[in-house]
Amino acid sequence: MIPGGVNSPVRAFGAVGGEPPIIVRGEGARIWDADGNEYLDYVGSWGPLILGHAAPQVVEAVTTAAKNGMSFGASTPAEADLAELVIAAFPHIQKVRFVSSGTEATMSAIRLARAFTKRKYIIKFEGCYHGHSDALLVKAGSGVATLGIPGSAGVLEELAQFTLALPFNDVKAIEQTFSRFNGEIACVIVEPVVGNMGCVLPVSGYMESLREITKREGTLLIFDEVMTGFRVAFGGAQEKYGITPDLTTLGKIIGGGLPVGAYGGPAEIVNMVAPLGPMYQAGTLSGNPLAMAAGTTTLRLLREKKNEIYPRLNRLTQQLVSGVLEAAKDAGVALQANRAGSMFTWFFAKNAVTDWNSAAQCDTAAFGRFFCAMLDRGIYFPPSQFEAAFLSAAHTEEDIQRTIQAARQSFPTIQ
Ligand code: HOZ
């Protein structure tokens, strides 16, 4: 009834084999399938669930909001609550527009950048994924990379021709492109820590160079922090690296598990958005009160306990990554790990993974075997080499030790 049995391709087990479990319940760091199997979850709904599944305060906030009405298609105080939290955490954002997904957020930010600069071209990076709008499905990561689809059927060449896809972590490629398309590039959009070719970090100085070059060229720098916002630090990758972009897109954690996206920046740019300005963007369920309540409660809890939650997430993820690396080494398996805070990926490779080319060279068959061996032991990772895994505040030291132990048992079986 549903194509591939999934409502988003990354959920299918195409890259790892077998049928995905049908999930019926989640609590804390655990999920259960329809057959009654329990899994320790490192997907966290692909990033939003930093507090774990069904966090009681979030459930209560959503329940209370629902009793007052599910949707009005009108302004509500709940939108202002979430806007205030986002603006306080991301100081360059003076105005923010809420939408219903990360795809909508990035698509709208691109339109806004084109409206503001009156330029046509955009730069994105190979292996970065910014949702599934036409202009951004060029050399994209995530499910597109997993399925080996070069672009997407149905995207007109005429629409993709203004998207320039460059290698990540390569300043020279940026400089060359700017001299070739002098004065024509509206924006550079980047996941400041990439999550969608697996987790890949910027090399030292790369973000600074992106900022410097885009400023010099009058091009807007868009940080796609859908995955990294409130994840790698409370104030996202821009706080972690101390770089201020021109526009930021958000999603995932800001919805606390319900569908929310957002884009924002200085008033001078965001005032271009209708009804204030000529750039049109709209949505029946934008700012939905249930989603705003889930997001507001999540961000408030994170803000209250940020000095406790983020260092703990950092420590536990570090423990997990080094324990699994050690187990791989002992089993003679070539494994690399990239990590930023509580997002991470293991790559089955001999050399460091720093861009799409190095990610694409990984042994995806070994990844598949490892994934299945871990799943058999009740550990649920993202079913693709080209995705990030996440820890939540609900994971415990015991969970980490259990996962390392499962990896230790799995590695010898996958060679
Ligand atoms: N951004 C998510 C992880 N790559 C994608 C989730 C999805 O496509 O369903």
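Every number in this text was worked out from the coordinates using simple rules, so none of it is lab data. Just so it is clear, the model here is predicted, and its values are computed rather than measured. A quick note on method: Cβ atoms are made from the backbone with ideal geometry, for glycine too, and the neighbour counts reach across all protein chains shown.
Annotation: for a label point projected 7 angstrom from Cα along Cα→Cβ of LYS215, residues of region 223-239 with backbone N closer than 16 Å are 223, 238-239.
Here's the picture: charge each Lys and Arg Cβ at +1 and each Asp and Glu Cβ at -1 in the chain, and of GLY218, TYR121, ASN357 the one pushed furthest to the positive end of that dipole is GLY218. Positive contributions from Lys and Arg (+1) and negative ones from Asp and Glu (-1), summed over other residues with Cβ under 11 Å from the Cβ of GLY242, come out at 0.
Only Cα sites of the chain enter the Debye sum here, all with the same form factor; the resulting log10 I(q)/I(0) across q = 0.12, 0.14 1/Å is -0.96, -1.32, listed in q order. Take each peptide in 193-202, 68-77, count the other Cβ atoms within 10 Å of every residue, and average; sorted highest first, the result is 193-202, 68-77. Restriction of the trypsin sites (Lys or Arg not before Pro) in region 47-120 to DSSP coil positions whose beta-carbon has at most 10 other beta-carbons within 10 angstrom yields LYS118.
Between THR396 and ASP330, the modelled label-to-label distance comes to 2.3 nm, taking each label 7 Å out from Cα in the direction of the beta carbon. Candidates ILE253, ALA186, TYR263 compared by Cα position along the dipole of region 145-286: farthest toward the positive end lies ILE253, with charges placed on Cβ. Overall, region 58-159 carries a charge dipole of about 420 debye about its Cα centre when +1 sits on the Cβ of Lys and Arg and -1 on the Cβ of Asp and Glu, all other atoms neutral.
In this calculation the C-beta distance from GLN161 to ALA34 is compared with R0 = 30 Å, giving a FRET efficiency of 0.10. Among the GluC sites (Glu not before Pro) in region 281-336, none is located in a DSSP loop while being surrounded by at most 14 other Cβ atoms within 10 Å of its own Cβ.
Highest mean packing comes first when the peptides 258-271, 377-390 are listed by Cβ atoms within 10 Å, giving 377-390, 258-271. Placing +1 on the Cβ of every Lys and Arg and -1 on the Cβ of every Asp and Glu, with no other charges, gives the chain a dipole of roughly 480 debye about its Cα centre. Once the dipole of the chain is set up with Lys and Arg at +1 and Asp and Glu at -1 on Cβ about the Cα centre, which of GLY242, GLY73, ALA54 lies farthest towards its positive end? Projecting each Cα onto the dipole axis, the largest value belongs to GLY242. Peptide packing for 351-361, 177-187 was compared via the average number of neighbouring C-beta atoms within 10 Å per residue; ordered from the highest value, the list is 351-361, 177-187.
Rounded to 0.05, the FRET efficiency of the LEU276 and GLN415 pair, given R0 = 41 Å and the Cβ-Cβ distance, is 0.10.
Take the Cβ atoms of SER179 and LYS67, set R0 to 60 Å, and the FRET efficiency comes out at 0.55. Were the residues from SER45 through GLU84 laid out at 0.36 nm apart, the gain over their Cα-Cα distance would be 11.5 nm. Excluding PHE230 itself, calculate the net charge of residues whose Cβ lies under 11 Å from the Cβ of PHE230, where each Lys or Arg counts +1 and each Asp or Glu counts -1. Once positives and negatives cancel, what remains is +2.
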